Every structure is written in structure tokens, then in C-alpha cells.
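Structure, as C-alpha cells:
The values are calculated or read from the model by the stated rules, or taken from the named source; none is laboratory data. A quick note: this is a predicted structure, and the numbers were derived from the prediction, not measured. Every residue, glycine as well, gets a Cβ built from its backbone with ideal geometry; the counts of neighbours run over all protein chains shown. The accessibility values were calculated without ligands, DNA or RNA, using every heavy atom of the protein model including side chains. Shrake-Rupley method; radii C 1.70, N 1.55, O 1.52, S 1.80 Å.
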Amino acid sequence: MSKSRVICPYCGTGCNVDLQVENNKIIKAEGAKNHPVNDSQLCLKGLYGWDYVGANDRLTMPLIRKKDGKFSKDGEFVEASWDEALDLVVSKFKEAKEKYGPDSIAGNFSARCTLEENYVSQKFMRVAIGSNNVDHCARVCHGPTVAALARTIGNGASTNSFTEIGLYSNCVMMIGSNPASGHPIAAMHIQRALDRGAKLIVIDPIKTEFAQRADVHIQLPPEHNIPIMNAMLNYIIAHNLCDDDFIANYTVGFDYVKEAVKEYTTEYVSKMTGVEKELIEKAAHMYATIKPAAISHGMGVTHFNHGVGNVFDVSNLFLCTGNIGYLGAGDHPLRGQQNVQGACDMGVLPNVFPNLKPVTDPNVRAFYEKLWDCKLDGKIGIHKTQIPDGIMEGKIKVFYTIGENPVISEPNTNHFLKGLAHLDFYVVQDLFLTETALKADVVLPAVSVAEKEGCYANAERRIQRSHKAVNPVGNVKQDWEIIGEIARRLGAKGFDYTSPEQIWEEVRISDPARFGGMSYDRLEKENGLHWPCPTLEHPGTPLMYMDKKFYTPDQKARFAPVTFVDDKSEIPAAQKALAQKLNLPEGYPHMVGSVDEKTNEEYPLKLLTMRKVYHYTVGTMTRRSPALECGADALGPTAEINPETANEYGLEEGDFIAVESRYGSIAIKVEVTDIVPKGIMQMAFHYWEAHSNELTSNGLDAISFTPTYKAAVKMHKITPEEYLQTLKEKKEKFYSQKITYEDRHHH
């Protein structure tokens, strides 16, 4: 029996897991003893979510869609050699570049790949293809966090380590964040603070586990974060609870926010939202006076047409109270995937290079042109949420997806499938024949976290090494090997890597300010290191901004005014009026938000989406674990509705319903619970059988292009027979090799 330490492949907490292996099979997972991240503990996924590694349906050979022995988009998958598969891929890439230019190719890469593989993937798109059309799943989760914090404090990453919360935080404010389900080990650190006597504020429409034991739970209507946070700011300013010295010495723009929130009194916002004004005041007073106070924000802040604006207000709160630059303070945007922070760090984004500097800056391009010995494009690339429209407009001809399952994870599934149906060529690189891989033209088999070496960055910027525990089965390759082979066949230089460590050494050269001091040896010996870590003598930086110097041109943080309007049609005029009223300098950060899609008589219910503690994103990994699948619910997906809503529709627990939005329809079982307010329906997005993203809209944040993942819906009761008929149709839709979709409202 052998033991190897790997980084847990699920959320962004970065737990260290010791895998026990016998006969090349994982037989047990244990939390690493005394490790600062998870302190010997693991959540259910870390303990039981390893069946996927040795699953019988792992891909073992490349697949090509063929008819009569030749590649055909009308064909079926046939096993092929690597040479045949890669020759076809390269020929299609070359053909698209020659006919339509490099921007006709788009790459969607993976937060489940290592830092080294993500670095190579973005380099591939920029050097071998010649385009900045590279993106990954941060676009559909914390894209607004990255964009907003970059504008206010100069960097979009977590300001502090969440391991500080249990030791130092005296107040914790969760805004649209449910770590008990999404990040259980991060939740452990928060619970340790509460056990020590820290106060808890929860701002969430749902009565989550933490909301049920909070000192204050602000159960606001969906999409009303801006009014609530503005009311808190109004109260803090009116009652002289600001940190005036911090504001005067280390920030700019406070007067803009002071003026913007003037009308958002607690009385006014209470009437708007139905939240008692005393609750808003209590929360504001707690956060401003019980220090250090930490904020944890999640998708309940970012999945809005004003996600960036929400994060602006999060930033306004910690800046006006001086809750930054101290142990136990700051903002903790809990990242949803193992290496989503790392994929951002490696420049798997259409607008920045691996040192987080803009692709539009000629000096930055000159640095990378010298490092990579190439000529680079200076245009910002396409964002992944724009790809379906880009395909249908004829701009994107070839699409390359690594380690993502966008048929399930993207909003408005029918719109995404319609886009895929119009592609010239689609390449998917994955472990399984996923719902997305089934729609591809070529599928390339890769390896899991337990079968590779490399580094990952968790949600607190901690870079950690992960080690190979088992040997992969079949004729499969490492992601970096596949990408490098395609690049070389395209004639690109600089892809002759022989190991992950060799790639990592190039990363250190690429961004010495953040990674220069992080050798493989140091990362191994020191339980990982937090960037920035510029030299081998530097201890790393778990806590940023201790010197109150921010990553902005003048090293001062920026307050960003945000307001709210009744209808999204009013946003452009309101945004212009806000800038004029405050006399904002050109380009100064500000935003106006609204509810994106209102309910009405036809669609009277608001759909929200969430994660179950047992499952992870689209279920590709966790649903192959019997313990997790049965633990989540042997009955599978459910629509959670309030008892009053159930009574109104004549529904009981376990009834079947059809749910329809403007974008799609599904059939699902009812779960009656008072954690969901009246008029709201909540669903997990793990299940193809009743896939919530068939219902969600194309609504996007105006700056980051992150989806809202919401919709107005209607429902009616159906029979078990009607449910089974719908289930049969969904199986054909998601598990056949044909692309089918409901051609509904797409915009």
C-alpha cells in the first residue's frame, strides 16, 4: 500500500488529501494531519468523491466522429490513434486560421487543470493560434469579483486567508454565500470563530444553515443586494461609524459614495425590500464596530446583471470601516473550483497575460513576445459567455474545450446547444464522454488530479503542490502533453516541455513579483505559499495590504458609487445621470443595477440555483460516487418551494411538476421547505434529468459578462407518466451524439 498527497479536486478551499492506494486503486482518503488549510478534516466530497478516478467509463482512447470510415459531423464516435486524432485537430485549426483568421478559434479551459497546464493552454492560444480568445469558468462565477476588486483595490483575489477567520475575526458577514454547502472546510473556520463568540450576519434570500444561527439574517428579495448594502453604508456614514483616518489617508472617492447612498435610508430600503429597518441597522452597526470583521461573498453577489456593482458595494463596506489589511478582516470571495483562482493567475482570460497585466498594453506584449519568441495580438478576446452568439454570427468556427462541461454548466442550455450545432469543428478534452463531449467532433482523453503532478492555487492565493497517486489506465495523456503536441504540430516554438516543473520555472520567470520565490522545493516544505512571494527569502503573503498600499496606480483604494433602479431598461440613462450628478472623472468605476428578469402574471415565480453539499457543479465527478449520489437524495433533483406556494398550487411533497421559462422547460419533483420564501423556487444544477440551466436566461453582468443564472418561471402539476416521458426525452437530448434543442427565446 502506498500513500500520496493530492489537492482535493473539488471546491477552491484547497484541502490536502492523503490517498491510500492498493493495486493502483484508491481505497481511502484522509485529511492531511495538522495542515493549516483543513487541519486533518475533509468534507463529504473529499472523503468519498474518488470513485470517478477508477470509473469503468473513463475514456481510454481518442474518439473521432466518423461515417463510412471518414470524419463526418453526421457520423458516430470511433476510437482512433493519437496521430490520427491530432492530425485532424491540427488540420481543422490550420484551415480555420487560413480561411477566417486566428480569432475564428476559441479556447475554453479548465479550473481542474494544474497551474502548469493552464499556463500552457493560454500560451497555446496566444502563440500557436494567435488569438486572445481564451477563457474559463471564472467567467461564470467570480468574474465580477475579479473585475470589481481590480478597479477598487487593484487586484481581484481574496485579501486574506480564510484560516484567519477562526482565530481572529470577531464579526463575519456572509453575503450571498453558503459555505456550509459549497465550501464545508472554509465553513469550519467560520464556525470556529462563532464558537469563540464572533457575531454572524447573513444577507441571503434563503434561510441557509448559517442564516438559521446568525445574529442577524437579512432575508432580502432576490437581486436587491445594492439597496441593502447602500442602506448599511448610509447608516454607517450617518452615525459616524466610518474609519475617517483610513478613508483620508488610503482611499479616494468617498464623497462619491456618500452622495450616492444619501437617499438609501434604512426606512426607504425597508419599504422597498420588506426587510425590517432595525435588522439593517443592527447589521450595519455590528459590521462597523465589532472588529476585525470579515466578509465572505459568493454567487449570491456575482450572479446579477450588476454583479460588479454588488462587489463595488462589498468593497465600499470594508473600505469605509477600515476592515482591510488586518488579520481576520478583509474580503473572502470563496472560489468554487479547485484551481479557478489559479486559472485566473495564469492568464486564462481574454484580457490579461499570466502576470495579470492587460493584453492591450504594448509594453506587456513586448515582454511576452521576448519570453515566448513570437508576435502577440493586442485585442481583448471573446468571453466564454459570448461564444454561442459568436458562433451563430459566424465569428467562431472552431471551439476547443478542456475539462469543462458547458452543456450542463452554461446558462440557457438551448441557446448553447444551438451554438454548438452551428460550429464547423468542436474538440473536447476530458476524462469522460460527458454531455458536452457527446456533442464534439473529436474527444481527447486526459487524466485526473490523482494521476498527475503539478500545482494548484486555492481561494486564499495559496500555491500548493499535488502528487501523482495512481497510474492512468489506457492510452491517455497529460493535458500539458496534449496541448504541447498540438502546438508543435502547428509549428509553434516554446512547447518542448518535458515535466510540470519545467513549465513552473517558466511561470516564475513570467511573473517574478508573485511567483519568483516559489520553487517546487519550497512549496513542498512549507505547506504551500501565498502570492505575492517575489524571492526565495520572502515568506509569502497570506494577508495583503498590511501596509495600506493597494495595487492601483496611486496605491490608494477607490470607492465606487452604485445605485439601483426599478427596471433594467432604465440602467443606461441612470448610469449616465449618476456620473453627471457626481461629476465622476472619465472611466471612474460606478454602476447601476436592477432586477434582471421580473416575475409577472405568466411567469410568477423567481428561480434561483444552488449547490447541494454532496455534489459538485455539474455532477460529472460526484455522481459517479454511490455514497454521494445516494446521500444527496436517491430521488435525484427537486424543486424547493415554500409551503404557502405549494398550497397555492395544490402541491404536496413528492408531486411532479412541469417548470417552464422563456428559455426552456423541465419536469421535476417538488420539495416543500420553509427555507425558501414564498414566490421563489430553488434548484440544484447538478442533474441533467431536471436541468435548471434549461430554464435560466441569457442575462449577463454588463462589465464582466458573467451570467445571472436566474429566470422567471411558471409551473403546473403533472402525472408520474408525464414526468417519465419528459425524462426519456431529456436522456435523448443529453446522452445521444446528436445535438437537439428547443428553439426558444435566445436573448
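Which GluC sites (Glu not before Pro) in the stretch 614-682 sit in a loop by DSSP (not H, G, I, E or B) and have at most 15 other Cβ atoms within 10 Å of their own Cβ? Present the calculation step by step, with values, prior to reporting the outcome.
On the way: sites: 629, 640, 644, 648, 652, 653, 660, 671; in loops: 652, 653.
Sparse-neighbourhood loop GluC sites (Glu not before Pro): 652, 653.
Based on the alpha carbons, how large is the Rg to Rh ratio for the stretch 32-143 when Rh follows Kirkwood? The partial results should precede the final answer.
Details: Rg = 19.3 Å, Rh = 17.8 Å.
Answer for the stretch 32-143: 1.08.
Report the semi-axes of the equivalent ellipsoid for the stretch 608-747 in whole Å, largest first, where each axis is √(5λ) for an eigenvalue λ of the Cα gyration tensor.
Numbers: eigenvalues 90, 78, 62 Å².
They are 21, 20, 18 Å, listed largest first.
Would you mind listing how long the stretch 293-405 runs along its three principal axes, going by Cα atoms, in whole Å with the largest first?
Reported extents, whole Å, longest axis first: 47, 36, 25.
When the dipole is taken about the Cα centre of the chain, and only Lys, Arg (+1) and Asp, Glu (-1) are charged at their Cβ, what size is it in debye, to the nearest 20? Can you show the working numbers first?
Details: 81 positive and 95 negative charges, 239 e Å.
Result for the chain is approximately 1160 debye, rounded to the nearest 20.
Among rounded, prolate and oblate, which fits the stretch 223-373 when a ≥ b ≥ c are the square roots of the eigenvalues of its C-alpha gyration tensor, a/c under 1.5 means rounded, and a/b larger than b/c means prolate? Walk me through the numbers before you get to the answer.
On the way: a/c = 2.29, a/b = 1.97, b/c = 1.16.
Prolate, because a/c is 1.5 or more and a/b exceeds b/c.
In the stretch 372-483, how does Rg compare with the Kirkwood Rh, expressed as the Rg/Rh ratio over alpha carbon atoms?
1.02
Treating only the Cβ of Lys, Arg, Asp and Glu as charged (+1, +1, -1, -1), what charge dipole size does the stretch 661-742 show about its Cα centre? Round to the nearest 20 debye.
100 debye
Count charges around residue 330 for me, please; just the other residues with Cβ under 11 Å from its Cβ, Lys/Arg as +1, Asp/Glu as -1.
Values: positive: none; negative: 164, 331, 460.
Overall, the nearby charge balance is -3.
Which of the three applies to the chain, rounded, prolate or oblate, going by the alpha-carbon gyration tensor with a ≥ b ≥ c and a/c under 1.5 meaning rounded? Walk me through the numbers on the way to the answer.
Details: a/c = 1.42, a/b = 1.18, b/c = 1.20.
Rounded is the answer for the chain, as its axis ratio a/c remains below 1.5.
With all protein chains present and a 1.4 Å probe, how do 493, 598, 728, 277 order by accessible area, largest first?
728, 493, 598, 277
Around residue 587, what is the net charge, scoring Lys/Arg as +1 and Asp/Glu as -1 over all other residues with Cβ under 15 Å from its Cβ? Walk me through the intermediate numbers first.
Working: positive: 151, 558, 576; negative: 554, 586.
Local charge sum for residue 587: +1.
Short version: what are the Cα gyration tensor semi-axes of the stretch 489-538, square root of 5 times each eigenvalue, largest first, in whole Å?
Working: eigenvalues 124, 30, 9 Å².
The answer is 25, 12, 7 Å, longest axis first.
Send over a whole-number figure in Å² for the accessible area per residue of the stretch 450-518, probe 1.4 Å. Write out the running numbers ahead of the final one.
Numbers: 2240 Å² over 69 residues.
So the stretch 450-518 comes to 33 Å² accessible per residue, rounded to a whole number.
List the trypsin sites (Lys or Arg not before Pro) within the stretch 194-257 that DSSP assigns to loop and that have no more than 14 neighbouring Cβ atoms inside 10 Å.
Working: sites: 196, 199, 207, 213; in loops: 196, 207, 213.
Listed in order of number, the matching sites are 196, 213.
At most 15 other Cβ atoms within 10 Å and a DSSP loop assignment: could you name the GluC sites (Glu not before Pro) in the stretch 362-409 that fit? Could the numbers behind the result be given before it?
Details: sites: 369, 393, 404; in loops: 393, 404.
Loop-located and lightly packed - 393.
How much mean residue ellipticity at 222 nm does the chain get from its helices, if each DSSP H run of length 4 or more adds -39500 (n - 2.57) and you divide by all residues, to the nearest 500 deg cm²/dmol?
Using -39500 (n - 2.57) per qualifying helix, the result is -9000 deg cm²/dmol.
Please express the Cα-Cα pair-distance distribution P(r) of the stretch 263-349 as a list of whole percents, one per 10 Å bin, running from 0 to the bin with the greatest distance.
Percent of Cα pairs in each bin: 15, 35, 37, 11, 3.
If you roll a 1.4 Å probe over the chain with all protein chains in place, what percent of the accessible area is carbon or sulfur? Mind showing how you got there, number by number?
Values: 12920 of 26260 Å².
Here carbon and sulfur together make up 49 percent of the probe-accessible area.
How much of the pair distance distribution for the stretch 427-479 lies past 19 Å, counting alpha-carbon pairs only, in percent? The partial results should precede the final answer.
Values: 583 of 1378 pairs.
Percent of Cα pairs beyond 19 Å in the stretch 427-479: 42.
Quick check on the stretch 496-653: what are the equivalent-ellipsoid semi-axes from the Cα gyration tensor, as sqrt(5λ), descending, whole Å? Walk me through the numbers before you get to the answer.
Details: eigenvalues 372, 239, 38 Å².
So the equivalent ellipsoid measures 43, 35, 14 Å along its semi-axes.
In Å², and per residue, what accessible area does the stretch 228-368 have when probed at 1.4 Å with the other protein chains present?
Details: 4330 Å² over 141 residues.
For the stretch 228-368, the per-residue accessible area is 31 Å².
Stokes-Einstein diffusion coefficient for the stretch 622-674 at 20 °C in a medium of 1.002 mPa s, Rh from the Kirkwood formula over Cα pairs: what value in µm²/s? Could you put the intermediate results ahead of the total?
Details: Rh = 12.4 Å.
Estimated diffusion coefficient is 173 µm²/s.
My understanding is that a pair violates if its Cα-Cα distance is over 21 Å; which of 99/397; 379/418; 375/397; 439/730; 73/418 do that in this structure?
Values: 99/397 10 Å; 379/418 27 Å; 375/397 23 Å; 439/730 15 Å; 73/418 15 Å.
Too far apart for the 21 Å limit: 379/418; 375/397.
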